[in-house]
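See structure below.
The values are calculated or read from the model by the stated rules, or taken from the named source; none is laboratory data. Values in this document were obtained by computation on a predicted structure and should not be read as measured data. Positions of Cβ are backbone-derived with ideal geometry, glycine not excepted, and every protein chain shown enters the neighbour counts. Note: areas computed on protein heavy atoms with side chains; ligands, DNA, RNA excluded. Shrake-Rupley method; radii C 1.70, N 1.55, O 1.52, S 1.80 Å.
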Amino acid sequence: MSIPDIRSQVSRRSFLGASALAAPAVLKGAARKRNVLFIAADDLCTRIGCFGAPVVKTPNIDRLARSGVRFDRAYCQFPLCSPSRTSLMTGLAPDTTRVWGNSVHFRSTIPHAVTIPQAFQKNGYFTARAGKIYHYNNPSEIGTPGLDDAASWQTTSNPAGYDRTRDEAQATFLAPPSAIVGRPNSGMMPGGARGPAAFAQGGRGPSGIRIAQDGHTPVLPLSPNGDLGIAIARFASDGPDESQTDFMVAESVIAMMEEHRDDPWFLAAGFYKPHVPWIVPSKYFDMYPVEQIEPAPFDPAELNIAPHWAYTTNPANYGMSADQQRQAIRSYYAATSFVDAQVGRLLDALDRLGIAQDTTIVLWADHGWQLGEHGQWQKMTLFEPSTRVPLIFAGAGVPSAGSGCPRTVEHLDIYPTLAELCGLKDVPSGLHGKSLAPLLADAHAEWEAPALSQVLRGAPGKSVMGYSLRTERYRYTSWASGAEGEELYDYRTDPRELRNLAGDSGPAGIKATLRATLERIAHSRGMPAVRP
């Protein structure tokens, strides 16, 4: 199939949504407000060059880290897309938003919440996004608003490239779908309904066409491979970069920068990769010779270290052979490098437009992603690779450049940090996070706040919430207030989480202290007396 020149068909301006509103003007004589470039990646773990994975080629994210602060111990509130993004964007923990799965919109539970971009709107900013910031089923809702929040934006862009419209049918499965669908403890919703959430969302309208979660926007037809939202699948596309959705996301944001270069703005670039399916141009696969990739070390005994609720991948590694695991890791790295290239385009645009010095940049991921650690894949665990996220603050208002911060921070800290850096007024009271401004000035400043993550498990007639507290040294995890098991890991001596100390007498005092801290924080954030 010949590939049309995308650039000849679509201008940057045409990527912008038709709902664009005029941006508020900058007050004459007033000091220029700081712009915010808000960069999100879907399922991006910390296997990134600047986070200690030199085999992964991410020169642009590394470049961003050199100009700001890299948070080496940053954690999400919930390792699943919608609960995590809802929490980050509202500044409220999942037990307050009551969003524990991918089907509930936060406006139905906390209708009057003021999101990060709404706070910027109230302070005279133009706010817009391209791609995935709130939840979408990825990839089935690419090209639609998904579970977007219209109140947050004045302009939106929902592009769909060849990866969605053409190449999904050619994807190769590295793990059989039967090994993934219906796996135990897979994050089922309250009530114990079985089946993967990624297939359940969207549904069908009266005419039988699949529709998006907003109830009216048609979803592009599925490929013969079905919905690949949880599939371990890959394809090295012969399409050029500009034919891919994430290229179009960056292109949309660059267009917004150009059109609003004289206005204060909050622009969000929501990249869909490296979420599965791993469909990116073949040159990114070529960066990673498969023979140079090693699967994560794994011993079957690892599946007995923690309570059974801790695991989601069964059989271990979905039964993939060592070579299939290498191919999967290679594909994830290729998708990561493709996202990195788009980050570079955004940074280059800031420099070209002469506004880099006026722009605060935040790069984040909604959660981590496991690539075989403990035999586990994807997200929805409370292990380190699933809850730990890349987080970088750089640019305007970040005085400490090229620093790695060892302090434990959370997604919830992003909202109050941006509010302080940009001098926002009328910020909602009761945000659950803490401004990171002191750590942006001194990455090694004193800092006492731990991070709290949680995940919901379901089984027929039963649901269990797991809560996990991370400090700089320890992780303590409690399933159903300890009734369904506990975990305790000391990362100073056990970075791979191979020894669960929860039942040992020696660290009993440490466990008790961590448990008390976890329960205090969880209760302050709305932990229900009766679990959902």
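When the test is whether a residue is more than 17 Å from Val55 (Cβ to Cβ), open to solvent by 20 Å² or more (accessible area, probe 1.4 Å) and either part of a loop (DSSP other than H, G, I, E, B) or out of contact with any Gly (no Cβ under 6 Å at 6 or more places or on another chain) (or both), Gln357 passes it. Going through (1) at pLDDT 95 or above; (2) closer than 25 Å to Val339 by Cα; (3) aliphatic (A, V, I, L, M) one by one, Leu92 falls short only on (2). Quickly run through segment 53-77 and pick out the residues that are without any contact (Cβ under 8 Å) to a residue 12 or more places away in the chain and of a type in the set (Gly, Ala, Ser). Result: Ala53, single match. For Asp163, the conditions (1) within 23 Å of the chain's Cα centre (by Cα); (2) open to solvent by 30 Å² or more (accessible area, probe 1.4 Å); (3) within 30 Å of Pro315 (Cβ to Cβ) are fulfilled apart from (2). Taking segment 313-334 as the range and being in contact with a helix residue (DSSP H, G or I) (Cβ under 9 Å, 6 or more places away or on another chain), of a type outside the set (A, V, I, L, M) and not in a helix (DSSP H, G or I) as the test, the residues that pass are Thr313, Asn314, Pro315.
Among the candidates Ala401, Ala349, the residue that is small (Gly, Ala, Ser) and surrounded by 18 or more Cβ atoms within 10 Å (Cβ to Cβ) is uniquely Ala349.
Residue-level analysis places Lys511 outside the set of residues that are over 27 Å from the mean Cα position of the chain (by Cα), of a type in the set (Lys, Arg) and at pLDDT below 95. Cβ separations smaller than 6 Å between residues 6+ apart or across chains give the following pairs from segment 141-159 residues that are closer than 19 Å to Asp246 by Cα to residues that are of a type in the set (D, E, K, R) and open to solvent by less than 30 Å² (accessible area, probe 1.4 Å): Ile142/Arg164; Thr156/Arg129.
Counting only residues that are open to solvent by less than 10 Å² (accessible area, probe 1.4 Å) and touching a helix residue (DSSP H, G or I) at 6+ places or on another chain (Cβ under 6 Å), segment 364-376 holds 8 of them.
What do you reckon, is Lys28 more than 19 Å from the chain's Cα centre (by Cα), part of a loop (DSSP other than H, G, I, E, B) and modelled with pLDDT under 95? It is true that Lys28 is more than 19 Å from the chain's Cα centre (by Cα), part of a loop (DSSP other than H, G, I, E, B) and modelled with pLDDT under 95. The residue of segment 275-285 that is surrounded by the most Cβ atoms within 10 Å (Cβ to Cβ), among those that are more than 10 Å from the chain's Cα centre (by Cα) and assigned to a loop (DSSP other than H, G, I, E, B), is Pro277. Residues in segment 31-43 that are at pLDDT 95 or above and either in a loop (DSSP other than H, G, I, E, B) or more than 24 Å from the chain's Cα centre (by Cα) (or both): Arg34, Asp42, Asp43.
Among the candidates Arg261, Arg194, the residue that is open to solvent by 50 Å² or more (accessible area, probe 1.4 Å), at pLDDT 90 or above and either in a loop (DSSP other than H, G, I, E, B) or farther than 22 Å from Lys132 by Cβ (or both) is uniquely Arg261. List every residue pair whose Cβ atoms lie under 8 Å apart, where the two residues are 6 or more positions apart in sequence or sit on different chains, the first residue falls within segment 379-399 and is at pLDDT below 95, and the second residue, located anywhere, is basic (Lys, Arg) and open to solvent by less than 10 Å² (accessible area, probe 1.4 Å). That search, which allows pairs on different chains as well, returns nothing. When Asp413, Asp426 are checked against the criterion of being farther than 24 Å from Pro59 by Cα, charged (D, E, K, R) and open to solvent by 30 Å² or more (accessible area, probe 1.4 Å), a single residue qualifies: Asp426.
Within segment 377-386, being open to solvent by less than 10 Å² (accessible area, probe 1.4 Å) and out of contact with any Lys or Arg (no Cβ under 7 Å at 6 or more places or on another chain) holds for Trp377, Gln378, Thr381, Leu382, Phe383.
Within segment 466-519, the set of residues being among the polar types (S, T, N, Q), surrounded by 13 or more Cβ atoms within 10 Å (Cβ to Cβ) and out of contact with any Gly (no Cβ under 8 Å at 6 or more places or on another chain) comprises Ser468, Thr471, Ser481, Asn500, Thr513, Thr517. If the condition is being crowded, with 18+ Cβ neighbours inside 10 Å and hydrophobic (A, V, I, L, M, F, W, C), then segment 520-532 contributes Ile521, Ala522, Met527.
Among the residues of segment 469-508, those identified as outside any strand (DSSP E or B) and within 22 Å of Met527 (Cβ to Cβ) are Thr471, Ala480, Ser481, Gly482, Ala483, Glu484, Gly485, Ala502. When Ala236 is tested against (1) closer than 17 Å to Glu168 by Cα; (2) open to solvent by less than 10 Å² (accessible area, probe 1.4 Å); (3) of a type outside the set (Lys, Arg); (4) outside any loop (DSSP other than H, G, I, E, B), exactly one condition is not met: (2). The helices (runs of 4 or more DSSP H) located wholly in segment 56-126 that include 3 or more residues which are surrounded by fewer than 24 Cβ atoms within 10 Å (Cβ to Cβ) occupy 59-66, 116-122. Restricting attention to segment 297-304, does a residue exist that is within 25 Å of Asn137 (Cβ to Cβ) and either at pLDDT 95 or above or of a type outside the set (Asp, Glu) (or both)? Looking through segment 297-304, none of the residues is within 25 Å of Asn137 (Cβ to Cβ) and either at pLDDT 95 or above or of a type outside the set (Asp, Glu) (or both).
Scanning for something open to solvent by less than 30 Å² (accessible area, probe 1.4 Å), farther than 28 Å from Glu258 by Cβ and either modelled with pLDDT under 95 or not basic (Lys, Arg) (or both), does segment 334-344 turn up at least one residue? Yes, because at least one residue in segment 334-344 is open to solvent by less than 30 Å² (accessible area, probe 1.4 Å), farther than 28 Å from Glu258 by Cβ and either modelled with pLDDT under 95 or not basic (Lys, Arg) (or both).
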